[in-house]
Amino acid sequence: MKISVEQIRHVALLARLALTPAEEEELTTNLGQILQHMDKLNQLDTSGVEPTAHIVAVDTPWREDVVTNAPDTDALLANAPARDDDLFLVPKIID
Amino acid sequence: MTLRLGTFESVIGLEVHAELLTASKIFCGCSAAFGAPPNQHTCPVCLGMPGMLPVLNRRVVEFAVRAGLATHSQIAPVSRWARKNYFYPDLCKGYQISQFELPICEGGHVDIVVDGVAQRVRLTRIHMEEDTGKNIHDARGNASLVDFNRSGVPLLEIVSEPDMTWPAEAVAYLRTLRSTLQYLQICDGNMEEGSFRCDANVSVRPKGTTTLGTKVEIKNMNSFRNVERAIAFELERHVRVLEDGGALVQETRLWDPDREETRPMRSKESAHDYRYFPDPDLPPLVVSDAFVDEIRRTLPELPEARRGRFVGALGLPDYDADVLTARRDVADYFEAVVATHANAKAASNWVMGDILRLVRERKLDDAPAITDWPVAAAHLGELIALIDEDAISGKIAKTVFEEMVTSGEAPRAIVARLGLTQVSDEGPIIAAIDEVLAAN
Amino acid sequence: MSTDLTIATAAERLRRGDLTAVDLTQAALDRIAATDDAIHAFLTVTPDEALAAARAADAAFANGTAAGPLTGIPIAVKDVIATAGIRTTAGSKILADFVPAYDATVTRRLKDAGAVIVGKVNCDEFAMGSSNENSAYGVTRNPWDLDRVPGGSSGGSAAAVAAGQALASLGTDTGGSIRLPASYTGIVGMKPTYGRVSRFGVVAYASSLDQVGPMTRDVTDCALVLSILAGHDPRDSTSVNRPVGDYAAAVAGGVAGARGLRIALPREYFGEGMQPAVEQAVRTAATTFRDAGATVHDASLPHTEHAVGTYYILATAEASSNLARYDGIRYGLRAPTDGGLLDLYRRTRAAGFGPEVKRRIMLGTYVLSSGYYDAYYLKAQKVRTLIRRDFEQVFAGADVIMTPVAPTTAFRIGEKTADPLQMYLSDVFMISINLAGLPSIVLPCGVDENGMPIGLQIVGPPFGEEIVLRAARSFEAATTWHHLRPPDLAERKPPQ
Ligand SMILES: [Mg+2]
Ligand SMILES: [Zn+2]
């Protein structure tokens, strides 16, 4: 399947990636080629075939409802690019 | 509230997000309690740090099954976790772990009564998901702050079919649903704190047609009153736009309770594309028959059944039964009073009157479950017994009740201490005189 | 002293007391200092932590409490695996300064076994690549030929072991990322069955495919390290709760392990475009096995040609979601912005991710997007089922499957960067195995006309780690390829 520059821009917005015009152009070509290769899958008849989401069958694992974590706020905010005391600071969010 | 819809009729569907009363979060061992200082209840998992993985809290599944059984839903033996992808500062991984294709519950219903008429609202689905953190706005000029304490608190999303027509039905549905969740002890139902949140999908169409009109989603309604007003406002707005020959846009609008109007949400991009896909970190959820049966066996009596029993077995009027069963703790208290002394109507009057007045005055009903009642249920039963025995009059009983509230003493003790026994015939007086004479 | 030891040998000498952990660790650190300008395997060297761990190991030996089988052994860890208090970058600028407060489960298991972690090694950004050229921190060079790639994405892990900078390393394998570099650098690397080793604390690329595995000098060491890594982890819901095999016993039989082994050679894995020396080496390996008492037969994996397409749909879809958390809010790079939130997201991710990561995020976002999900994502999940069935059919009549690792030996730096699709296609012999979740080992089986190592791949059924190790050890015992070492690096400088 071919992909258009407009589609590339739409996908880039969904993925929150700012692209330069050169990147947009390159991706249009690259992704087009790769998708063309992927389109070969359509040659296969998969009617009645179950999709595989998990390759190994595992019993539903769960844990008991117990609080195991003690507050460690300072260590957890140590990597924050911007903070205000114990809160993460971000540009103003508009509802 | 009268709506002016002209030649149109309205269609309302509701989406409820109920925070579950678990001790820990859905996928990590952080506390799920409300009201901690910012980011105290966080860990690498609920902050979405690199390499962190979710592990499911068993109780969340238990609670979801309880809600499913109580709403007559089918419980899926295998359900699936999905990722809902979007960017927002309060969403720590860039996706929310939710359920999409195969939710845990489908096809239930909630029976409601509006103006004495019974109605059934069908449920599309109930699914489990994680809550997001909280963005704090207006804290400073051009910045917002994010607190992830709520990130990963378990939620049930309960989606109704568009089976409602009037705002009052929407409110009746929400009241019934909330009371059910409270009876099940899985959600405290606090709308102001956001533990019981509601979004409405509304549309209008010309009377007699069946295709749904353009749907608008309303958010930010944090009380029953707001739900009713917001839906009414929005329906009338739709009719106005259409009558003026305009067209509606499918959008999300926020209810502004101060200005009593809805306005379009600015932040979220118009074209949503959540790109749901099965979460590879969580295998399908398998729920055995034995697991479901055990929950069914321990399910408490639900409001509908209890209301029926109060009317049928205790002979209460419908109105009393409605008021008393609206909250599980109130109904439990009422039954404890009746267990002490079997006069249901008198107990109902006292509970609906003086007790609930004090509960409201003292804001005791803010708590998920009322524990410190103004007077002990056994004491109230004893008080009613004293009246029924003609030991005191109804007027004296009011005085005794006030004294019970202040001192916490049992009514018989108060009556004795204050010498309030009424003299209704000569028998007791003669007996008392005999006693005095015998002692001398 | 030499760091050119196997773990088994070093551990024996440490136990006997004629080698100290501090000396061994210092030798590894010296080796890194002497050779890493040329190779660039390490992103972070941790001499203080390493020497402290080595001193603890020596103390444990001295008072007889050294229980861990890796006590005092210098090991390197791929930089997508979290190490508490040590920078973990995933080869990306977006995590340039990220210091996790937690260990990955595999890191914890290494430490509990007494291992000495000497540092964090280079890889393609977020493990996306086949050559290590996608690291934000520069390419790692192949110790056998500094003009060539070490393979990817665990290129730093492979080069460090091949160059004697560590006795073993951890890699991760999503579509060949342990096996290709092992093959290109003449060492042993193993991707365990999906679910055998915990992914907790491992920066996710494609969660339904990622596995951590050992990279070592020989098969016996591989079995030893795997026995430390394998096992159920309640913190990873896809981790499998079943007993871990006796991997030491599996490799104890030497050549005799081949006796009675039924080996399948899939015909789709040989054909045009293959370097003759590679095909020759694998065919010769088949003869070696026959001579040792195995039977070898042809088999077919008919959906092989669809593996690359299937893989790049599923892996990039998962990656697009897994990498959404790198948004500049809670940790990692935040690009300067004078605009609002949307601008912050777009600029941060544009500045923080390299071209290949962006390409895969774009591809993955596209195949999941509205209107394309069924045609790509769902279709690929169904083809994944067909690929798994291919293997089930072959394993009905075979104990292991033997294949080449890649059509060629290590290529030159820059040779394939212009054509991403060609780069993707070079992973075709490994990708199906991830899609089917199978255990697979790669070990040296020859050299080509340039003296570059050739790898042999042996694949087992689900949780067939023991039979895979047994087969690999029998081949190794019958050959001498694992004794070959790259030319001395001490005097070499990186090409300008
Ligand atoms: Mg929801
Ligand atoms: Zn947490």
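Throughout, read-outs are computed from the coordinates displayed, never taken from laboratory work. Note that the structure is predicted; figures quoted are calculated from it, not measured. Heads up, the Cβs are rebuilt from the backbone with ideal geometry, glycines too, and the neighbour counts pull from every protein chain shown.
Does anything in region C:457-476 have its amide N under 19 Å from the 7 Å Cα→Cβ label point of residue C:256, and if so which residues? Within reach of a label on residue C:256, which here means backbone N under 19 Å from a point 7 Å along Cα→Cβ, region C:457-476 contributes C:466-476. Only helices enter this figure: runs of n ≥ 4 DSSP H residues, each worth -39500 (n - 2.57), summed and divided by the residues of chain C, yield -11500 deg cm²/dmol at 222 nm to the nearest 500. Taking only the Cα atoms of region C:85-150, the radius of gyration and Dmax are 13.7, 38 Å. Taking every residue in C:384-394 and counting other chain Cβ atoms within 10 Å of its Cβ, the average works out to 2. Checking the Cα-Cα distances for C:120/C:358; B:134/C:93; B:93/C:111; C:111/C:358; A:40/C:93; B:84/B:134 against a 26 Å cut-off, the pairs over it are B:134/C:93; B:93/C:111; C:111/C:358; A:40/C:93. Once the gyration tensor of the Cα atoms in the protein assembly as shown is diagonalised, the equivalent ellipsoid follows with semi-axes of 64, 34, 26 Å, ordered largest first.
Where a ≥ b ≥ c are the square roots of the eigenvalues of the C-alpha gyration tensor, would you call chain A rounded, which needs a/c under 1.5, or, failing that, prolate if a/b is larger than b/c, or oblate?
oblate
Helices in chain B, meaning DSSP H runs of at least 4 residues, each add -39500 (n - 2.57). Divided by all residues, the mean residue ellipticity at 222 nm is -10500 deg cm²/dmol. Centre-to-centre, using Cα atoms only, region C:232-267 and region C:60-116 are separated by 25 Å. The residues C:190, C:274, C:128, C:452, when put in order of fewest to most other Cβ atoms within 10 Å, stand as C:274, C:452, C:128, C:190.
Normalising by residue count, chain C has a Cα convex hull of 140 Å³ per residue. Between region C:272-306 and region B:181-242, the C-alpha centres lie 66 angstrom from each other.
Mean partner shielding of peptide C:415-421, defined as the number of other chain Cβ atoms within 10 Å of each residue Cβ, is 2. Of B:231, A:8, the sequence from fewest to most neighbouring Cβ atoms within 10 angstrom is A:8, B:231.
Can you give the mean number of other chain Cβ atoms that lie within 10 Å of the Cβ atoms in peptide C:436-443?
1
Relative to the 2.2 N^0.38 Å rule of thumb, chain B has a C-alpha radius of gyration ratio of 1.20.
Loop-located trypsin sites (Lys or Arg not before Pro) in region C:197-279 (DSSP state other than H, G, I, E, B) with a sparse environment of at most 15 neighbouring Cβ atoms within 10 Å: C:259.
Order by neighbour count: B:223, C:237, B:195, fewest other Cβ atoms within 10 Å first, most last.
Ordered from fewest to most neighbouring Cβ atoms within 10 Å, B:223, C:237, B:195 come out as B:223, B:195, C:237.
If R0 is 56 Å, the Cβ-Cβ spacing of residue B:416 and residue C:232 corresponds to a FRET efficiency of close to 0.25.
Reported value for region C:275-413: 170 Å³ per residue, from the convex hull of its C-alpha atoms. Taking the alpha carbon gyration tensor of region B:155-234, multiplying each eigenvalue by 5 and rooting it gives semi-axes of 25, 13, 11 Å, largest first. Over region C:151-264, the reciprocal of the mean inverse Cα-Cα separation, the Kirkwood hydrodynamic radius, stands at 14.7 Å.
With the convex hull drawn over the C-alpha atoms of region B:152-199, the volume per residue is 88 Å³. Using a simple spin-label model with pseudo-atoms 7 Å out from Cα toward Cβ, residue B:241 and residue C:488 lie 8.1 nm apart.
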